[in-house]
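To keep things clear, I will list the structure first and then write my remarks on it.
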Amino acid sequence: MTQYMKNNNRCLDCGIQIDDRAKRCWGCYLKWRENPKNHPSYTNGITLEKHYCLDCNKEINYKAERCSVCANEKINNPNWKNGKPHCIECGKLLSDYNAKRCVKCYSPIFKNQGKEQLGNNHPNWQGGKSFEEYGKEFDSSLKEQIRFRDHYECQNCGCSQLENGKQLDAHHKDYNKKNNILTNLIALCKSCHTKTNFNRNYWKDFYNKKLIQGVL
């Protein structure tokens, strides 16, 4: 017994148990279909007028507007966009239906995008601190020492170095690249290290409180 025969559904004609989704068993259904009136295309004896394709005038099903060939023509396709577009600047034919400009015309616009937020115009500008050089003692050996001390785990989210997919970063708590004492450095994963580049005053206070509490 299938999963669809649990409600004791019975055939309308012979009464045997059948699939819950059916009305008749297969044998009774075939007999039922022999009656022309039971056919889905039965028109009660009315002869329907012939129906023709709007484009090629070919005789088609009365429910359709066009034959299969004409329906697939580009102009009748719902995704048709009157052919491939042209660049609005130089008029060159484009290969991408969603494009407005060719690569040559778009390049100057792309290069100028975001220039108004470069340097000291950017809301996260910190006076050029990111361009400062690190102290000489901030080398791979010191970074590995920080990772080992922090058990190769991010001290923010607990992500392991294996989960990070690369070596953990050594972050300066006070954002001073010259201050490379051990208590000023902490191991962070890539994601958490990126977060600390924003709202720096918050993260300074955050790590200071952790230091006072003896957590870090």
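Here, each number is a calculation from the coordinates, and none is a lab measurement. Only a predicted model underlies this, so the values are computations on that prediction, with no experimental measurement involved. Using ideal geometry, Cβ is built from the backbone for each residue, glycine included, and neighbour counts are taken over all protein chains shown.
Fewest Cβ neighbours within 10 Å first, please rank Ile18, Ile181 accordingly. Intermediate values should be presented prior to the final figure.
Values: Ile18 21, Ile181 8.
Ordered from fewest to most neighbouring Cβ atoms within 10 Å, Ile18, Ile181 come out as Ile181, Ile18.
Starting from the Cα of Lys100, draw a straight line to each of the aspartates and glutamates and keep only those under 19 Å, dropping any in the same chain fewer than 8 residues away.
Lys100 reaches Glu89.
Could you pull out the pairs from Lys178/Lys209; Lys37/Lys63; Lys136/Lys204; Lys136/Lys209; Lys166/Lys209 whose alpha carbons sit more than 26 Å apart here?
Distance filter (> 26 Å) returns Lys136/Lys209; Lys166/Lys209.
Please give the net charge around Asn38, taking every other residue with its beta carbon less than 15 angstrom from that of Asn38, where Lys and Arg add +1 and Asp and Glu add -1. Spell out each step's value before the answer.
Values: positive: Lys23, Arg24, Lys31, Arg33, Lys37; negative: Asp13, Glu34.
Residues close to Asn38 contribute a combined charge of +3.
Read phi for every residue in the stretch 15-24 and hand back ³J(HN,Hα) as whole Hz from Karplus 6.51 cos²θ - 1.76 cosθ + 1.60, θ = phi - 60°, with x for Gly and Pro.
x, 6, 6, 9, 4, 4, 8, 9, 10, 9
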